[in-house]
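Below you'll find the structure, written out as structure tokens, and then a few comments.
The values are calculated or read from the model by the stated rules, or taken from the named source; none is laboratory data. Just so you know, these numbers come straight off a predicted model, no measurement behind them. Glycine also receives a Cβ, built like all others from the backbone with ideal geometry; neighbour counts cover every protein chain displayed.
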Amino acid sequence: MLESDKEVVRLIGNAAEDLGFCFSAPYQVIDVDGSVYNYLGHINDFGSDAGILIGGGSCPEGNSREREFALSLFGPECVETSDQVKALLIDWGWFGPEERRPKWFENGSHD
């Protein structure tokens, strides 16, 4: 894993603690043929019904299961603060159940 990817994981992990969302890192997607694809992480409930995959400089090539998810690729400069991560989450939209929606997410659920 690239150093910049490690920093992205650390920064999003810190923001997840601050903002109260679910971030799993690292994250694997197993394709229909059994191939394993590694991503920096996964954020549940944002970006799509399946959540959003986080990639970086070492993101794998696309696979057939990837289209179930939203996918975002960026460097650490995009997620240096919890406010930057919060702006991304708002832009990606909430797709989870209302009872799990963070209080700070004012735009409501994606419809």
Open item on the list: Can you confirm whether GLY108 is at pLDDT below 90 and loosely packed, with under 12 Cβ neighbours inside 10 Å?
Closed with: yes
Open item on the list: For the list (1) over 21 Å from ASN14 (Cβ atoms); (2) in contact (Cβ under 8 Å) with a residue 40 or more places away in the chain; (3) not polar (S, T, N, Q), I need the number of the one condition that GLU68 fails.
Closed with: (2)
Task: Residue under evaluation PRO102, criteria (1) at pLDDT 85 or above; (2) outside any loop (DSSP other than H, G, I, E, B); (3) of a type outside the set (A, V, I, L, M, F, W, C), criterion not met - done: (2)
